[in-house]
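The block underneath contains the structure these notes are about, expressed in structure tokens.
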Amino acid sequence: MNNHFFTSLSLILCVYSSTCSANETLPVGVALFPPFQYFEDQVLVGSDTEILTQVLDEVGYKPSFYIRPWKRILAEGKLGKYALIFSLTKNKEREANFYFSDPINAVRDVFFKRKDRQIQWNTLEDVAHLIVSASEGYNYSSSFMLASKYKISRMSWVVGDRPEMKHLSLLQSGQVDIAICEIHVCLHLIRSNPDKFNQLDYIDKSIGPKRYFHAAISKNWPNSKKLLKAFNQSLMKFIKSGKRDKILRKYKFIMPTD
């Protein structure tokens, strides 16, 4: 018998028992994306790391984190190598392979720029003439993806791991005009590197509608629907208790309004 059988059996017992212990482990795939998940003193920390760990603990599981590049996490997650992966937004392609949890956190993309550039925008057509830096393979809002394809003629696509550092470096050196970035991610990097990125700020206008980060449970993981149900029940209690808000304040998040 393989490990999936024993994990499956443990999950069934845990879902229908009030005496689950936190001794069972689940393989969890994750890519570094500070401040949602990152290393501090060789320990994986971050807002979503703490939320997910505590929610799984209530279900009776301890996550065993596998840190990989994001494309690899998605590919291996589809195959069921991990029970779940985080943090990610929904799209139709991903929903074909994963069951998505209720929202763990909110994400907000904005444009970052140099402080000495007086750039404002109302519609994406207003930035069509600028050099815009973005991350290859990211699931941005549909409005931005359409604009990047048909309206913005000078897109600068960044590939590789942790592209946000590259965006900020390009902005600081003046090689691009603006960069699309999740607001908490780039603010975290600027705060962590004040000398390196001291000329940067952002335009306080969201790109596209509000979106959410989720945990995604592979459809190839045994009893994935039962795990999803248990996770969501635990997450709901966690949010109602105020524990999620406490974690978000700790990481200096702009509080979500649900």
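When Ser173, Ser148, Ser142, Ser135 are checked against the criterion of being small (Gly, Ala, Ser) and in contact with a Leu (Cβ under 9 Å, 6 or more places away or on another chain), a single residue qualifies: Ser148. Ala215 fails exactly one of the following numbered conditions: (1) of a type outside the set (Val, Ile, Thr); (2) part of a loop (DSSP other than H, G, I, E, B); (3) assigned by TED's automatic domain parsing to the domain that holds Val30. What is the number of that condition? Ala215 satisfies all of (1) of a type outside the set (Val, Ile, Thr); (2) part of a loop (DSSP other than H, G, I, E, B); (3) assigned by TED's automatic domain parsing to the domain that holds Val30 except (2).
Screening the candidates Glu40, Glu50, Glu76 for the property of being farther than 30 Å from Tyr202 by Cβ and outside the structural domain of Met145 (by TED's automatic domain parsing) yields one hit, Glu76.
Checked against (1) assigned by TED's automatic domain parsing to the domain that holds Val55; (2) surrounded by fewer than 17 Cβ atoms within 10 Å (Cβ to Cβ), Gly160 passes all but a single condition, namely (1). Of all residues in region 211-258, how many are of a type in the set (Phe, Trp, Tyr), touching a strand residue (DSSP E or B) at 6+ places or on another chain (Cβ under 6 Å) and surrounded by 21 or more Cβ atoms within 10 Å (Cβ to Cβ)? Matching residues across region 211-258 total 1. Scanning region 141-185 for residues that are among the aliphatic types (A, V, I, L, M) and either outside any helix (DSSP H, G or I) or at positive phi (or both), we see that the one that is nearest to the chain's Cα centre (by Cα) is Ile180. Scanning region 100-140 for residues that are over 18 Å from the mean Cα position of the chain (by Cα) and part of a loop (DSSP other than H, G, I, E, B) yields Lys115, Asp116, Arg117, Gln118, Ile119, Gln120, Trp121, Asn122, Thr123, Ala128, His129, Leu130.
The values are calculated or read from the model by the stated rules, or taken from the named source; none is laboratory data. Owing to the predicted nature of the structure, the values given are computational and were not obtained by experimental measurement. So basically every Cβ, Gly included, is an ideal-geometry build from the backbone, and we count neighbours across all protein chains shown.
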